[in-house]
Amino acid sequence: MYQVSRSTHSNTLTGWREWVSLPDLGVDWIKAKIDTGARTSSLHAFDIQEFERDGEAWVRFRVKPWQDSQEDAVVVESPIHDRRAVRSSSGHAQERLVVQLMMRLVDREVMAEVTLSNRDEMGFRMLIGREALRRGYVVDPARSFLGGRAPREARRRNRGRA
C-alpha cells in the first residue's frame, strides 16, 4: 500500500504559462513559460556587464519585459549569486550568471534563482524551472494564466502593439 506524504507547502495551481511579476525590478508583467524540465529559472537579459561593488561580484543587465517590443527596458544591478553550466534542450552547455530575484507567480511571492540568458529567439521572456516550482506549485499542463491575465495594455505591448 502506498503512503502519501503531505507537502509542507501550499499547493498553488499554475498553468503551463503565466503572467509573472518581478517586483524588485519594477517589472509588473512578463509572460513566463512554466518548465518542469528545467532545473533553474531563466530570464531574458542583455547588455550583461560584471563589476565589483564593495569587494563583491555584481552584474548589471537590462530586461525587456515585452516579447515583440523594445519599450520599457529596465536596467538592473544585482549581486552575482552563482555561476552555473546550463545545458540547453539541444545539448549545448553554457556558463550563465545566476541572480536571486523575488518573483510573484499566481498571487504568491517566492525567491528564485534565475540564470541570465539571451532569450530573444524564444517564445517567452522568462522560464520558471523546478527549483522555484518546488516551493509549493502544482502544474496543470492543460491550463494557462491561472494567476490571471495581464491588463489589456500589457498584453498589447507584449505583442508589439503599444
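Dipole of region 38-105 (Lys/Arg Cβ +1, Asp/Glu Cβ -1, origin at the Cα centre): which of His81, Gln94, Phe51 lies farthest to the positive side?
Working it through, the farthest residue towards the positive pole turns out to be Gln94.
Report, in debye and to the nearest 20, how large the dipole of the chain comes out about its Cα centre when Lys and Arg carry +1 and Asp and Glu carry -1 on their Cβ. Before the final figure, lay out the partial values.
Numbers: 28 positive and 23 negative charges, 169 e Å.
Here the chain has a charge dipole of around 800 debye.
Calculated from the structure, P(r) over Cα pairs in 10 Å bins from 0, in percent equals which of (1) 10, 29, 19, 16, 15, 9, 3, 0; (2) 10, 39, 35, 13, 3, 0; (3) 10, 39, 39, 11, 0?
Label of the calculated value: (2).
I need to check one value: relative contact order of region 83-148, counting alpha carbon pairs closer than 8 Å and at least 6 residues apart, in percent. Could the numbers behind the result be given before it?
Working: 63 pairs, mean separation 15.0, N = 66.
That works out to 23 percent.
Val74: net charge of surrounding residues, Cβ under 9 Å, Lys/Arg +1, Asp/Glu -1, itself excluded?
Numbers: positive: Arg62, Lys64; negative: Asp72.
Around Val74, the surrounding residues sum to +1.
Can you tell which of Leu127, Leu22, Val63 lies farthest toward the positive end of the dipole of the chain, using +1 and -1 charges on the Cβ of basic and acidic side chains (Lys, Arg; Asp, Glu)?
Leu127
Values in this text are rule-based calculations from the coordinates and carry no lab data. These figures come from a predicted structure and were not determined experimentally. Because the Cβ atoms are built from the backbone with ideal geometry, glycine has one as well, and the counts that use them run over all protein chains shown.
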